[in-house]
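Below is one structure; the comments refer to it alone.
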Amino acid sequence: MITELKRIIDQISRDKGFDRAILVEAIEAAVLSAAHKKFGQRRDLDVRFNEELGEVELFQFRTVVEEVEDEQTEVGLDEALSLDPEVELGDELGSKMDDVGDLGRIAAQSAKQVIIQKMRDAERDVIYDLYKDREGDIVNGIVQRFERGNMVVNLGRTDALLPKNEMMPRRSYRQGDRIRALLLEVRDSARDHQLVLSRISNDFLVKLFTLEVPEISEGIVKIVNAVREPGMRAKIGVVSSETDVDPVGACVGMKGSRVQNVVQELQGEKIDIVPWSPDPAKYVSNALSPAQVSMVSVDEDNKALLVIVPDDQLSLAIGRGGQNVRLASMLLGWKIDVKSESRYAKMEEQGFQSLMRVAGMTEKNAEILFDNGVDHIEELLKTDAATIAELLKCDEEQAGLILEAAATVDFSDLAESRDDGQAEEEATPEAEALESVETAEPAEAAESAEPTEVPADGAAGETVEEEGDDTRSDDQEISQ
């Protein structure tokens, strides 16, 4: 029995990976708990594991008195002298109690629960110490089972939890499948699984590239940022510390082998590798690739970018459901507005700008009014509330508020510019020719007898006015 108990302690401590002293302490605490259940809580008991004999010893401590009033805490002098001839009144006398095996079934069950709990606590501490430094690394495991939609993954020494909200969409696993995931969190808690995994984290994408691309692990190529819409599309910004190393080519690999390995692990998720640049205008142009960018306006104070693209590139720049520009915005950490060239030209017209001066006017409403002939604030003031309500799909009360706000706008500067523009438009070649004729009438009357030589082009000068592109676009503004 002695040898058997020591052998069990040694084997369990070796299999679980914790110090045998922890298991010995657990056994002592369990026996003490069982003894209190049998003999009462008021007794002063102590338990010690005898390493030499390999057994658990239970001791009871009582105070030596002349006359015993409480048998649980006191011992008579005569009984005490039989146990220890040198004992005196008032001393604390310890005596070994009966065999621990006689504590009873209920006490033994209590001891078992204490041992199990102590072992769980010890094992939890071991797992925490083992994995706390691996948080953020990729781990490999086998699908063990499913609990309320969450996946339990066996990592060998312990199980980890892959929550439902950390799984990639449209991907199913079965029991026994091998799986790779990011060790997202290591909890120092016994309530739930200590290890939490993730397959949708941005860091999971970064770690996969780190494993596939030696230049990244060596520090030559750095992933500045990575963003994902798991299972759909991802973008990573990369930069090289050496001029002769192409960061994009390093991540792509020979015939795309490196990036394809990552794509396969992510079940076909499309990955855009973007060259990083300190210039936000250049960076956003790279991030919106393959769409071509005509112009970028940078607002550093508000961290906003206005990107102008050709009309035929607008849908490509925005992407399906706004995905491309949304990921680009997340990659840069800037707000991005993408507009077509025709719409930007419309917004730059003075009439459109005058409408935008009205308090509460949105670009969408201003564009609707502009496209329906209300192309200046002067025209807006001449329009009745019913017409405005019909155009903007609102009630007449709201239309009236727009008119009231428009009436308070000072647009004299725009009005003067508009008058100058109209005056220039009226200066047509016919008007100039008429003015020339009126000015030349007295001279021609005086010389009517002599023939007049007319130039071959029919006029002394010609005014050429270019008409702006009047193309309209129904493209919506995309802001992220």
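Rule-based calculations on the coordinates, nothing more; no lab input. Here the structure is a predicted model, which means the values were calculated and not measured. In this analysis, Cβ positions are derived from the backbone assuming ideal geometry, glycine residues included, and neighbour counts consider all displayed protein chains.
On a 18 Å Cα-Cα criterion, which of the cross-link pairs K235/K282; K270/K335; K270/K339 come out too long?
K270/K335; K270/K339, as the Cα separations exceed 18 Å there.
I need the GluC sites (Glu not before Pro) found in region 169-273, filtered to DSSP loop residues with at most 14 other beta carbons within 10 Å of theirs.
In loop regions of region 169-273 (DSSP not H, G, I, E or B), the sparsely surrounded GluC sites (Glu not before Pro) are E218, E242.
Got a sec to turn the phi values of region 175-181 into Karplus ³J(HN,Hα) couplings, 6.51 cos²θ - 1.76 cosθ + 1.60 with θ = phi - 60°, whole Hz, x for Gly and Pro?
4, x, 5, 7, 8, 10, 7
For the pair D188/Q144, report the inter-label distance in nm, with labels modelled 7 Å from Cα in the Cβ direction.
A separation of 2.3 nm, rounded to one decimal place.
Give the Debye-formula value of log10 I(q)/I(0) at each listed q (0.12, 0.14, 0.20 Å⁻¹), with one equal scatterer per alpha carbon of region 135-200, two decimals each.
Once normalised to I(0) and log-transformed, intensities are -0.25, -0.34, -0.72.
Pull up all non-local amide H partners of K270: gap of 5 or more, or a different chain, and H-to-H distance under 5 Å with H placed in the peptide plane.
Residues meeting the criterion, in which the H sits 1.01 Å from N, are R233, A234.
For a footprinting-style exposure proxy, rank Y131, Y344 by other Cβ within 10 Å, fewest first.
Y344, Y131
As a footprinting exposure proxy, order H376, H193 by other Cβ within 10 Å, with the fewest listed first.
Lowest count first: H193, H376.
Under a straight-distance cross-link criterion of Cα-Cα below 24 Å, which lysines are reachable from K96, leaving out those fewer than 8 residues away in the same chain?
By straight Cα distance, K96 reaches K6, K37, K38, K112.
Please order L195, L332, L89, L130 by the number of other Cβ within 10 Å, starting at the fewest.
L89, L130, L332, L195
Give the Cα extents of region 169-227 along the principal axes, in whole Å, largest first.
42, 29, 20
Whole-Å semi-axes of region 328-370's equivalent ellipsoid, largest first, each the root of 5 times a Cα gyration tensor eigenvalue?
Three semi-axes, in Å: 24, 13, 8.
Cα gyration tensor of region 1-73, axes a ≥ b ≥ c as square roots of the eigenvalues: rounded (a/c below 1.5), prolate (a/b > b/c) or oblate?
Judged from the Cα gyration tensor, region 1-73 comes out prolate (a/c at least 1.5, a/b above b/c).
5 Å is the cut-off here: which amide hydrogens, built 1.01 Å from N in the peptide plane, fall below it relative to E74, excluding neighbours closer than 5 in sequence?
T63
Within region 308-324, whose backbone N sits under 19 Å from a point 7 Å along Cα→Cβ of Q292?
Of the residues in region 308-324, 308-319 have backbone N under 19 Å from the label point off Q292.
Percent of Cα-Cα pairs per 10 Å bin, from 0 to the last occupied bin, for region 219-341, please list those.
Binned Cα distances yield the sequence 13, 42, 33, 11, 0.
Where Lys and Arg each count +1 and Asp and Glu each count -1, what net charge lies around E242 among other residues with Cβ under 13 Å from its Cβ?
-3
If you stretched the chain out fully between K303 and E242, how much longer would it get, using 0.36 nm times the residue separation minus the C-alpha to C-alpha distance?
19.0 nm
Counting Lys and Arg as +1 and Asp and Glu as -1, what is the net charge of the other residues whose Cβ lies under 11 Å from the Cβ of A386?
It works out to a net charge of -4.
Whole percent per 5 Å bin, from 0 to the bin with the longest distance: what is P(r) over all C-alpha pairs of region 349-415?
Result, from short to long distances: 3, 20, 35, 29, 10, 3, 0 percent.
Please enumerate, by chain and number, the lysines with C-alpha under 24 Å from the C-alpha of K132, excluding those fewer than 8 residues away in the same chain.
K16, K118, K164, K207
Give, as a single signed number, the net charge of other residues whose beta carbon lies under 13 Å from the beta carbon of N225, with Lys and Arg counted +1 and Asp and Glu -1.
For residues surrounding N225, the net value is +1.
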